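Reading through the C-alpha cells given below for one structure.
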Amino acid sequence: MQRLLFIVLTLALMTSPLSCSLRNEGTFRRSEFLLDTIVTITVVADSENEADNAIEKAFQEIKRLGGLVDFFSPESEISAINRNAGISPVAVSPDTYALLEKAAEVSSRTNGAFDITVGAVVSLYDFHRKTRPSGALIKERLPLVNFRDVILDRNGQTAFLRRKGMTVDAGGIAKGYAADRAVEVLKSAGIKAALVAVAGDIRAYGLKPGGKPWKVGIRDPRGKSPDDIIAVLELRDAAVSTSGDYERFFMEDGKRIHHLIDPKTGYPARGVMSVTVVGPLAVYTDSLATALFISGIEKGLDIAGTFGYDALMIDETGGTHMTDSLKDRITLRPRTKTAPKPATRNFGIKGEY
Ligand code: ADP
Ligand code: MG
C-alpha cells in the first residue's frame, strides 16, 4: 500500500516543462515501475513530443532487460540458468551475457566481495517477516556461493552454474546495467542531456537548460526522512550509486540485519552504513557500491581507486571517508539539514534538484 501511494505520488510529480531557457529547451520527466522499482527519466528536449518518444524507447529497453534478468519470472534467462545449475550450459542473449561478464569482472577485481551467486544465502533472509537463517543453515548453503563456479563461454555465449542448487541473482548489478542501456537509447534518439534514475542507480549526461550540471543529493543513512541528505554531488557525464544498510533491514537484539551480505561469511557486512560510488558507468557504480560496503572503509577506498572510480563511505559511527579526487567535487552538509524540496524521490540517492 505504501508502495502504491509512493507510485501515485511519483506519478503526480510528473511534470511538463520544469524549466525553460532562452531556446525552446525544457526539462521533461516521466516515472515508471520497472525492475521492481521506480525508474525516473528526465530529459532535456525542445518539445514534449520529442521527450516522450525518447523516454518511451528508454522505458521499453529497461522493460526488455528486466524480462531477461528477472529472478522470479520462470521465463527469464536468469531463471533458465538457475534451473540448469549442475546440468547444462544455457545459451543467453548478448545483454544477459554482457551483464554476467561484468559481474564476473567486478567479482574477481574485488576479491569476491561482489558475488552474483550470493543469492543462495541472501534468499534465507526474510526482511518482511524479520527472520534470518541459523548459523547451521548458513554454513550448509555457503559452499553454493562462489562466483568462480559461474562458467561463461564467450564463443558459445552460454552460462553454466557448476553445482546444483547454485543461483545467480543479478539484483546487485542489473539496475546499473539498465541505466547505462537507457542512456544509450536516449542518445540514439537524439537527446542531448538526460538523467536516468533506476532507484538509487543514476546515470546522467549533458547539461540542463541554462548550462547547469545535474545534481544529486546523497541520503543520510540515519536520517529521519529520505530527504535528509548529507552531501550534494554534481554529475557531469557520470553515474552514481548508493548502497546502504537502511534499505532492507530489521533489528534484532540491537543488531541491524540488512541485505548486504558478505559472501565469505553469509552474514550482513559490518563497519559501514552507506557507500556512494561515482564514475563513468552505472554498471560499475552499482556493483561497486555493494562490493565496497562488504570490503570495509580501507579496502573499499583502495578498490574504488583500482577502478578509477570515486567513493564516499560512511562508517558505523557516522564518519565520512572519501577518495581524494572526490573532495573538491562534493559538498558535505550538516547532518540534520533537509533537502530543499527534491524533484524526484528515490532510494539511496535523493533527488535531482
Ligand atoms: P538494492 O537492490 O536494495 O538497491 P543494492 O544495489 O545495494 O541494493 O544491491 C543489493 C542486492 O544485491 C541485495 O538485495 C542482494 O540481492 C544482492 N547482494 C547482497 N550482497 C551481495 C554481494 N555481496 N554481492 C552481490 N550481490 C549482493
Ligand atoms: Mg547496487
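The values are calculated or read from the model by the stated rules, or taken from the named source; none is laboratory data. Fair warning: this is a prediction, and the values are worked out from it, not measured in the lab. Neighbour counts are summed over all protein chains in view; Cβ atoms, including those assigned to glycine, are modelled from backbone coordinates with ideal geometry. Just the protein is used for accessible areas: all its heavy atoms, side chains included, with ligands, DNA and RNA removed. Shrake-Rupley method; radii C 1.70, N 1.55, O 1.52, S 1.80 Å.
Structure summary
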{"item": "Top-ranked residue of the stretch 297-316 - restricted to ones that are touching a strand residue (DSSP E or B) at 6+ places or on another chain (Cβ under 9 Å) and surrounded by fewer than 17 Cβ atoms within 10 Å (Cβ to Cβ), ranked as nearest to Val240 (Cα to Cα)", "result": "Gly308"}
{"item": "Checklist (1) more than 22 Å from Thr290 (Cα to Cα); (2) loosely packed, with under 13 Cβ neighbours inside 10 Å applied to Asp126, failing item", "result": "(1)"}
{"item": "The stretch 7-23, residues that are out of contact with any strand residue (DSSP E or B) (no Cβ under 9 Å at 6 or more places or on another chain) and either modelled with pLDDT of 95 or more or closer than 16 Å to Lys192 by Cβ (or both)", "result": "Leu22, Arg23"}
{"item": "Qualifying residues in the stretch 279-296 (those that are open to solvent by 10 Å² or more (accessible area, probe 1.4 Å) and under 13 Å from Met313 (Cα atoms)) - the one farthest from ligand 2 (Cβ to nearest atom)", "result": "Gly296"}
{"item": "Subset of the stretch 189-211 that is among the charged types (D, E, K, R) and buried (at least 24 other Cβ atoms within 10 Å of the Cβ) - its residue that is farthest from ligand 2 (Cβ to nearest atom)", "result": "Arg203"}
{"item": "Ile41 of a type in the set (A, V, I, L, M), closer than 25 Å to Gly206 by Cα, modelled with pLDDT of 95 or more and touching a helix residue (DSSP H, G or I) at 6+ places or on another chain (Cβ under 7 Å)", "result": "yes"}
{"item": "Residue list for the stretch 247-267, filter: under 18 Å from Ala197 (Cβ atoms) and surrounded by fewer than 18 Cβ atoms within 10 Å (Cβ to Cβ)", "result": "none"}
{"item": "Residue list for the stretch 49-66, restricted to those being open to solvent by 50 Å² or more (accessible area, probe 1.4 Å) and either closer than 23 Å to Ser76 by Cβ or in contact with a strand residue (DSSP E or B) (Cβ under 6 Å, 6 or more places away or on another chain) (or both)", "result": "Glu56, Lys57, Gln60, Lys63, Arg64"}
{"item": "Verdict on Ser287 being in a helix (DSSP H, G or I), within 18 Å of the chain's Cα centre (by Cα) and polar (S, T, N, Q)", "result": "yes"}
{"item": "Selection count where residues are in a strand (DSSP E or B) and under 18 Å from the mean Cα position of the chain (by Cα), scope the stretch 235-250", "result": "9"}
{"item": "Every pair of residues 6+ apart whose Cβ atoms lie under 7 Å, when the first sits in the stretch 247-262 and is farther than 18 Å from Leu292 by Cβ while the second is aromatic (Phe, Trp, Tyr) and away from ligand 1 (no atom under 13 Å from the Cβ)", "result": "Ile257/Phe250"}
{"item": "Output for the stretch 86-111, where each listed residue is over 16 Å from Ala178 (Cα atoms) and either open to solvent by 40 Å² or more (accessible area, probe 1.4 Å) or more than 16 Å from ligand 2 (Cβ to nearest atom) (or both)", "result": "Gly86, Ile87, Ser88, Pro89, Val90, Ala91, Val92, Ala104, Glu105, Ser108, Arg109, Asn111"}
{"item": "Some residue of the stretch 217-230 being open to solvent by 10 Å² or more (accessible area, probe 1.4 Å), more than 10 Å from ligand 1 (Cβ to nearest atom), modelled with pLDDT of 95 or more and of a type outside the set (D, E, K, R)", "result": "no"}
{"item": "Condition met for Ile138 (over 17 Å from Ala170 (Cβ atoms), open to solvent by less than 10 Å² (accessible area, probe 1.4 Å) and in contact (Cβ under 8 Å) with a residue 12 or more places away in the chain)", "result": "yes"}
{"item": "Qualifying positions in the stretch 162-181 - crowded, with 24+ Cβ neighbours inside 10 Å, assigned to a loop (DSSP other than H, G, I, E, B) and near ligand 1 (Cβ under 8 Å from one of its atoms)", "result": "Ile173"}
{"item": "All positions within the stretch 285-331 that are without any contact (Cβ under 8 Å) to a residue 12 or more places away in the chain and over 22 Å from Ile116 (Cα atoms)", "result": "Glu298, Thr317, Gly319, Asp324, Lys327, Asp328"}
{"item": "Top-ranked residue in the stretch 182-207 [being within 16 Å of ligand 1 (Cβ to nearest atom) and part of a loop (DSSP other than H, G, I, E, B); ranked as nearest to Thr276 (Cα to Cα)]", "result": "Gly200"}
{"item": "Conditions (1) more than 10 Å from ligand 1 (Cβ to nearest atom); (2) farther than 26 Å from Leu207 by Cα; (3) modelled with pLDDT under 95; number of the one not met by Asp245", "result": "(1)"}
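Okay, residues lined up against (1) within 16 Å of ligand 2 (Cβ to nearest atom); (2) over 24 Å from Pro334 (Cα atoms); (3) β-branched (Val, Ile, Thr):
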| residue | (1), (2), (3) |
| --- | --- |
| Ala159 | no, yes, no |
| Ala174 | yes, yes, no |
| Glu184 | no, yes, no |
| Trp214 | no, no, no |
| Thr242 | yes, no, yes |
